[in-house]
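Reviewing the structure listed below.
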Amino acid sequence: METTYTGTLQISVVSALGMTPIPGATVTVSYTGDPDSPLETMTTDESGQTPTITLDAPPRELSLSPDITAQPYSEYNIQVTAEGFEPVLVSGSEILAGEFSLQPIRMNPLNVTEEEEKVVVIPAHTLFGEYPPKIPEEEIKPMNETGEIVLSRVVIPEYVIAVLLELCRNLKTYAVQQQERKWSPIPSEMLLYGKRALILGAGDIGTGVAERLCAFGVKIIGMRKTDRNYPDCYDGMITPDELDQELQKADIVINCLPGTAATKGLLNKHRLCLMKEKALLVNVGRGNVIDMEALVSVLKDGHLGGVALDVTDPEPLPEDHPRTPPHCSTYLQVLWSGNRIRGFRVWSHRIPYSLTYGFLPPASQKQSGSGFPWKNHRHQSPACQDFSLSAPGSRC
């Protein structure tokens with residue numbers, strides 16, 4: 001008996017204006033090679049979706065070997081009409097055996113007196129079409145002179161923005177409150193707008209961060225070997241010999257420096273204490289730029305408003321490391337977020353992580369009988385571990 005191979009298809013129909021679902025649209029499916037013989041005619045529901053239908057497809061094996069020249073998928077035409085919208089024809093929707101396909105369709109509202117059909121032609125799949133060969137790439141990309149890595153201008157700067165917003169607006173704390181079905185405003189929130197940021201290392205990563213912080217109205221000072229001819233996204237540029245003076249002015253310090261003999265231990269206890277009491281510190285450069293023992297000591301004393309570490313020294317931290325300093329008015333979260341990607345290589349020989357510190361509310365709020373139960377609270381989930389302590393801190 002001959003085996004029949006099939007795949008499934010669902011069509012989602014929305015308006016191109018506002019992306020709202022279009023209920024009651026008529027959807028007709030036919031073979032691309034025989035468009036005048038409908039196979040299925042359906043109507044979209046309130047969510048703008050059709051029922052899932054089963055359609056014939058070539059054997060799955062055709063898509064598993066590069067030596068097979070037969071087309072490994074079947075092609076179908078989808079015609080959609082709806083009152084008040086221009087009709088749409090999608091030609092060449094691809095169905096593979098054993099796979100579910102969702103075909104999105106956007107319809108333009110009628111803005112002319114005569115209907116004009118919109119035609120969308122889907123090109124050949126990369127498994128079958130004539131495409132130029134891929135360019136061979138090294139598994140590990142070479143680093144440039146500043147030690148920065150491929151994708152740094154996008155991936156790492158977005159991470160910096162994410163953790164800064166998290167720290168400024170207490171997003172993780174509110175997320176825990178949401179899980180507990182409780183609401184207790186936190187007066188320690190702050191805005192990025194109007195703050196002064198110091199970016200250590202004004203290369204690709206640092207400049208990517210600066211470009212994004214500009215949109216938040218942050219005054220941005222960079223640090224590199226020369227203070228001449230810097231990009232427009234910086235409000236000023238300093239050299240390393242001016243670091244101590246600038247640390248005292250910055251509300252946010254972001255380290256993007258590579259690990260070298262000159263940068264090792266650059267942010268020691270003296271410099272950490274030069275920072276403002278409520279300043280935020282982010283490290284996306286190298287872990288050994290910050291003296292980790294000094295950082296733990298500073299946090300134990302209640303100094304700094306928040307710390308986010310994408311890298312540490314050593315890496316990963318040993319199990320007995322004081323991730324939560326005793327008698328500290330901060331809380332520490334360890335996120336297990338999957339394999340960390342550096343350039344195009346996934347490092348799987350260690351557990352990746354990021355660390356985030358942030359201040360708890362003042363003692364008056366912690367002692368109140370309403371709102372979030374801060375004191376002695378422990379919350380654990382597969383995604384993260386939260387620890388909070390209630391002892392007040394003091395300045396360095």
As an exercise: evaluate Asp36 against (1) closer than 20 Å to Tyr76 by Cβ; (2) surrounded by fewer than 17 Cβ atoms within 10 Å (Cβ to Cβ); (3) within 37 Å of the chain's Cα centre (by Cα) and give the number of the one condition it does not meet.
(3)
Quick check: is even one residue across the range 43-65 charged (D, E, K, R), assigned to a helix (DSSP H, G or I) and under 37 Å from the mean Cα position of the chain (by Cα)?
yes
Say we look at the range 288-305 and pick out the residues that are acidic (Asp, Glu) and assigned to a loop (DSSP other than H, G, I, E, B); which of these is nearest to Gln245 (Cα to Cα)?
Asp291
For Val163, which of the numbered conditions (1) closer than 24 Å to Gly287 by Cβ; (2) in contact with a Gly (Cβ under 9 Å, 6 or more places away or on another chain); (3) free of Cβ contacts under 8 Å to residues at least 24 places away in the same chain fails to hold?
(3)
Of the conditions (1) surrounded by fewer than 12 Cβ atoms within 10 Å (Cβ to Cβ); (2) at pLDDT below 80; (3) in contact with a Ser or Thr (Cβ under 8 Å, 6 or more places away or on another chain), Gly147 satisfies every one except a single condition; which number is it?
(1)
Among the residues of the range 109-125, is any farther than 30 Å from Tyr31 by Cα, of a type outside the set (Phe, Trp, Tyr), out of contact with any helix residue (DSSP H, G or I) (no Cβ under 6 Å at 6 or more places or on another chain) and modelled with pLDDT of 70 or more?
yes
Taking the residues in the range 256-287 that are out of contact with any Asp or Glu (no Cβ under 8 Å at 6 or more places or on another chain) and in a helix (DSSP H, G or I) as candidates, determine which candidate is surrounded by the most Cβ atoms within 10 Å (Cβ to Cβ).
Cys273
So in the range 69-100, with the set limited to residues that are within 33 Å of the chain's Cα centre (by Cα) and of a type in the set (Asp, Glu), which one is surrounded by the fewest Cβ atoms within 10 Å (Cβ to Cβ)?
Glu99
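The values are calculated or read from the model by the stated rules, or taken from the named source; none is laboratory data. Owing to the predicted nature of the structure, the values given are computational and were not obtained by experimental measurement. As a convention, Cβ positions derive from the backbone with ideal geometry for all residues, glycine included, and neighbour counts pool all protein chains shown.
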